[in-house]
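Please treat every number below as a calculation from the coordinates, not as lab data. Computed from a predicted model, the values in this text were never measured in an experiment. Glycine also receives a Cβ, built like all others from the backbone with ideal geometry; neighbour counts cover every protein chain displayed.
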Amino acid sequence: MRGTSTTCDVCGRVKGETNHWLVAVSLLDHAGILYQPAELASDPRKSDYTYIDICGHNCAGKHFAAWLADSTRTQQEDVCQQ
Ligand SMILES: [Zn+2]
């Protein structure tokens, strides 16, 4: 066990031992998003990616909906500026 506790970035729940947590990895410019099981996403985190800790499928769905809305809005703004 590590000394640091992980909390869900969507609902704020503290990670327990039996939870099936996910990590959402995204590029800073909303180019894409990847959901990985937390156990498989333990590599050193890179500074040019955003890592979001998620406590389960329910919060993953909420996070993806929010990301999708944000990504769509960003793309529309880019179109308007051109
Ligand atoms: Zn959550």
Item checked: Global form of segment 22-81, assessed from the alpha-carbon gyration tensor, a/c cut-off 1.5 -> oblate
Notebook entry, point to check: At a Förster radius of 25 Å, what calculated FRET efficiency corresponds to the Cβ-Cβ distance of Ser47 and Lys15, to the nearest 0.05?
Noted result: 0.65
